[in-house]
Structures are given as structure tokens and as C-alpha cells.
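Data block below; observations after.
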Amino acid sequence: MDAQSAGDGLGASSSRDGTPTSGSSVLVDWLAPKAAALESRGLTRRLRARAAGEVLIDLAGNDYLGLARDPRVVEAAVAAVREWGTGATASRLVTGTTALHAELESELAAYAGQETGLVFSSGYLANLGVITALGGPGTLLISDEHVHASMVDACRLSRSRVEIAPHNDVEAIGKALAERNEPHAVVLVESVYSVLGDAAPLPALAAVASEYGAVLLVDEAHGLGVTGAGRGSVAAADLAGLDHVIVTMTLSKSLASQGGIVLGPPVLREHLINRARSFIFDTGLNPAACAAALAALQVLREEPDRPNAIHTTAARLASACGVTPASGAVVSVPMPSPQAAVRAAGICLSAGVRVGVFRPPSVPDGISRLRLTAHAGLSGPDLDRACEVIPAAIKEVS
Ligand SMILES: Cc1ncc(COP(=O)(O)O)c(C=O)c1O
């Protein structure tokens, strides 16, 4: 294509010599109609920067155990910066593995009852890494319809055949496993679902996976620090350490840090070190994040009652909003429309209570929701206030 015809293709946004004309550009012409379409459906997302020192009752963040500002966790991160510097300096396979990464992997594996762990720089990348490393033409991936976007994206990247199973439908999963032609299969679920807040039937899933020679991958992003007295739902169901049950976790919720981990037998860890592209080609997790997660884990070991406060708070919030009690920290309140969800959240915010809003495409069933996260650190008066403000806001917009 010559310069002249390339210029013709630019349309109204550029002059014929390619210089941009005012008021229009290639990107504006391309993206503004998309933005307008989102806006008309009430689905525009906006960033809101938190101000330092802002005082709000927080039911939107995922600091479930209230450890993000715990002095023990903060000091551990600060000490790690002094000791190791501000970054990991390279990928894990080059210079990005420190003694803190190794310690975190063995501590977290031991805590969750697993043989080994491999730390990634986020939970998203942990899911991406393990699923693409196990996936490929000889592997069937069966995914619950409500799994997190990181698992959905991993399925898309994996080059595997993918079957989407109805939510928590063990029979459908069994059927897909029985009818497959692939030698290998992985079933993808969350222990506690991040949007609905309900739990997966793990014992039945592990049994059906075992019956058909498949692997069960459980994302414990919302289980760690919450279910099974903190150790997660896989440990609570006595499935930890089984050869065919593997786990991913994020360090960014209960452990008040950042990062992710894959837990399972040594043969899996070895395979991931050699095959998981989001491990190999990514800079290692910041050592300070490892130190914070280790310190939070230590608090969890020393204060095993901490997760109980999450459950009592979640139960109060669910009852105040008239919804089913949650299996973990996430209380999910269906709303009549995305616009109503956003308005209700706005009313709560002006009354000093921050709640989460989930709208399509973040909700697999298309139903917009308020998402309330129960925190162990919430004081009695703050919880009372939240239980007044949120139902009133829901009533006002419904
Ligand atoms: C179920 C689930 N898996 C994975 C992730 C991704 O974890 P991270 O935020 O560490 O990337 C999240 C977090 O939002 C999640 O809710």
C-alpha cells in the first residue's frame, strides 16, 4: 500500500498528509461510539482514586482479615524493601527468586496441606500459567460457568477444547468427562465463587474427577483465610494433598499483599517452572509482597479465630439485605439493573459506606449486583451503620 492510499484510509480524522485534524482522531472515531454504547446501557466503568486518610466504612475491598494496615505486616514489607530493594530485578528463573519466595512457597503449601507451591506475580497469572501449561490439544478443560475471568482467559489461550458446565452441576461435568476423546482433562472451579459468594461441592467434584482420571483445579482466592478456619475449603474437605486436586490462591485478599500461588505435587511444580509462560516470562513477585504475605500468614496461624469474624459479619450483612447467607466473605445482592446498582452504590458512598458493584461483563449470568465483602476488622458500630445504609439504598432505587 502506498502513502497516498494509506492516507485515504484514514478518513475524516486526518488530513491527506497524515497529520491529525482537530476534534477527531483515529482512536476517537473508533472508540467513542463504543463508549457511548456502554454509557447508554449503564455499563461504563470509572476509576475513583482513594484519597489518603479517607474515612469510609469499606465493604468493597478484599482485605478480608483486616491485615493490610496491621503493623506486623507493614513492618515486614518495609524490612524486606530495606533488605532486598524495591523490586525482584528479573524473572524467577534469572535473579527474581529470593529466600522470601522460597519461604513463602513452603509456608503456604504447608498451611494449606499441600506438598509444594510456586509463587506467581498475581493470582491472575497463576491461573493463566497452570491452565495453559496443562492445556493443549490433548486436554479437555471443563469450566464451571461462573469461574473468574483469569480462568476464562486461560481457557481461551490454552488451545484446548473447552466445555462450559452449568454452575455447580457435578452430573454435567461427569458426562463431559465420560464422553471425552482427550487423554487428559482438567475441571476448573472456585471454592467460594467471587461474584455469587456460594461454594462449590468439592467432595463430589473431586470424586467425579478421580472416577474419570481427571484433575480438579480449585481456585481458593476467596477460600484462603476465610473457610476451613483459614486453611481453605480444599483442606476443610480433606482433599488437600490428593494427587489429582490442585489449588491456586491469590495473596491479594486475606493475605493483604499481592501475588498468586499454585499448590500441588512436586511433579506439577516442576512442569510449571518449565512450561508456565506467565511464570517464565514475567518479573518475579516483589520481595516486599512476599514478606507481607508471610507476615499475614503468621498472624493467621497465631490468631486462628480471626476468620470467624468474617462469617459473623457476612451473616449480618446478608440478613440485613434479605439475601442467602454467604459461604465466605462475599455477600451478593442482585439488583434490578446496572443503573440501579450504580445508584445504590452512590447513595451508600454519600452515606460513608463503600460497596462494590458488579455489572456485565463481570457477572456471568448478566445480573448486576452489589457485592459486599465482610471484613474481620469491621467495628460493631460500623457494621450497624452499614446494615442501616445499604438496605435503605437498595429500597430507594428498586
Ligand atoms: C476467583 C479469583 N481468582 C483469581 C483472581 C485474581 O487474583 P489477583 O488479583 O491476585 O490477580 C481473583 C481476584 O480478583 C479472583 O477473585
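The values are calculated or read from the model by the stated rules, or taken from the named source; none is laboratory data. Source: prediction; values computed, not measured. Cβ coordinates were reconstructed from backbone atoms using ideal geometry, including for glycine residues, and neighbour counts include every protein chain displayed. Just the protein is used for accessible areas: all its heavy atoms, side chains included, with ligands, DNA and RNA removed. Shrake-Rupley method; radii C 1.70, N 1.55, O 1.52, S 1.80 Å.
Using a 10 Å cut-off on Cβ atoms, rank the peptides 173-181, 60-68 from the highest mean neighbour count down. Let's see the in-between values first.
Values: 173-181: 16.4, 60-68: 21.7.
In decreasing order of mean packing, 173-181, 60-68 become 60-68, 173-181.
For the chain, give the share of DSSP beta bridges that are antiparallel, in percent and rounded to the nearest 5; count only bridges with both residues there. Spell out each step's value before the answer.
Working: 20 of 42 bridges.
Approximately 50 percent, going by the DSSP bridge assignments.
Taking the inverse of the average 1/r across all pairs of different Cα atoms in the chain, what Kirkwood radius in Å do you get? It would help to have the intermediate numbers written out before the result.
Numbers: mean 1/r = 0.0441 Å⁻¹.
Final number for the Kirkwood radius of the chain is 22.7 Å.
Express in whole angstrom the spacing between the alpha-carbon centres of segment 324-377 and segment 121-192.
Computed from Cα coordinates, the inter-centre distance equals 27 Å.
Compute, for Asp70, the solvent-accessible surface of its heavy atoms (probe 1.4 Å) with the complete set of protein chains present, and express it in square angstrom to the nearest 10.
Surface open to solvent at Asp70 totals about 20 Å².
Give the accessible area for Val267 in Å² (nearest 10); use a 1.4 Å probe, count only protein heavy atoms, and leave out ligands, DNA and RNA.
The accessible area comes out at roughly 110 Å².
What percentage of the solvent-accessible surface of segment 119-196, computed with a 1.4 Å probe over protein heavy atoms, is contributed by carbon and sulfur atoms? Don't skip to the end; give the middle numbers.
Details: 1570 of 2960 Å².
Its accessible area is 53 percent carbon and sulfur atoms.
Quantify, in whole percent, the carbon and sulfur part of the accessible surface of segment 250-398 (1.4 Å probe; protein heavy atoms only).
53
Accessible area of Ile280, 1.4 Å probe, to the nearest 10 Å²?
Here the accessible area works out near 40 Å².
Give the relative contact order (percent, whole number) for segment 71-301; include only Cα pairs under 8 Å separated by 6+ residues.
Details: 499 pairs, mean separation 74.3, N = 231.
Relative contact order for segment 71-301 comes out at 32 percent.
Once neighbouring chains are kept in place and the probe is 1.4 Å, which whole percent of the accessible area of segment 50-109 is contributed by carbon and sulfur?
On the way: 1840 of 3280 Å².
Answer for segment 50-109: carbon and sulfur cover 56 percent of the accessible area.
For the chain, what does -39500 (n - 2.57) per DSSP helix run (n ≥ 4), summed and divided by total residues, give at 222 nm, in deg cm²/dmol to the nearest 500?
Working: 15 runs with 171 residues, N = 398.
When only DSSP H runs of four or more count, the value is -13000 deg cm²/dmol.
May I ask you to derive the relative contact order of the chain, considering only C-alpha pairs under 8 Å and at least 6 residues apart, and to give it as an integer percent? Show your work: numbers first, answer last.
Working: 793 pairs, mean separation 87.1, N = 398.
Rounded, it is 22 percent for the chain.
Using the per-residue mean of other Cβ atoms lying within 10 Å as a proxy for protection, in what order, highest first, do the peptides 134-147, 383-396, 73-86, 218-231 fall?
218-231, 134-147, 383-396, 73-86
Tally Lys/Arg at +1 and Asp/Glu at -1 over every other residue whose Cβ is under 15 Å from the Cβ of Val78; what's the total? It would help to have the intermediate numbers written out before the result.
Working: positive: Arg69, Arg72, Arg82; negative: Asp70, Glu75, Glu83.
Result for the neighbourhood of Val78: 0.
Among Leu125, Leu370, Leu47, determine the one that fluctuates most according to a GNM of the chain built with springs between C-alpha atoms less than 10 Å apart.
So, out of Leu125, Leu370, Leu47, the one fluctuating most is Leu47.
May I ask you to give the solvent-accessible area per residue for segment 75-137, in square angstrom, as obtained with a 1.4 angstrom probe?
Values: 2630 Å² over 63 residues.
Counting only protein heavy atoms, the per-residue value for segment 75-137 is 42 Å².
Hey, what did segment 270-367 get for relative contact order, percent, Cα under 8 Å, at least 6 apart? All intermediate terms of the calculation are to be shown ahead of the outcome.
Details: 49 pairs, mean separation 12.6, N = 98.
Relative contact order here is 13 percent.
For segment 250-398, what does the accessible surface come to per residue with a 1.4 Å probe? Please give it in Å².
Details: 6060 Å² over 149 residues.
Spelled out: the 1.4 Å probe surface of segment 250-398, per residue, equals 41 Å².
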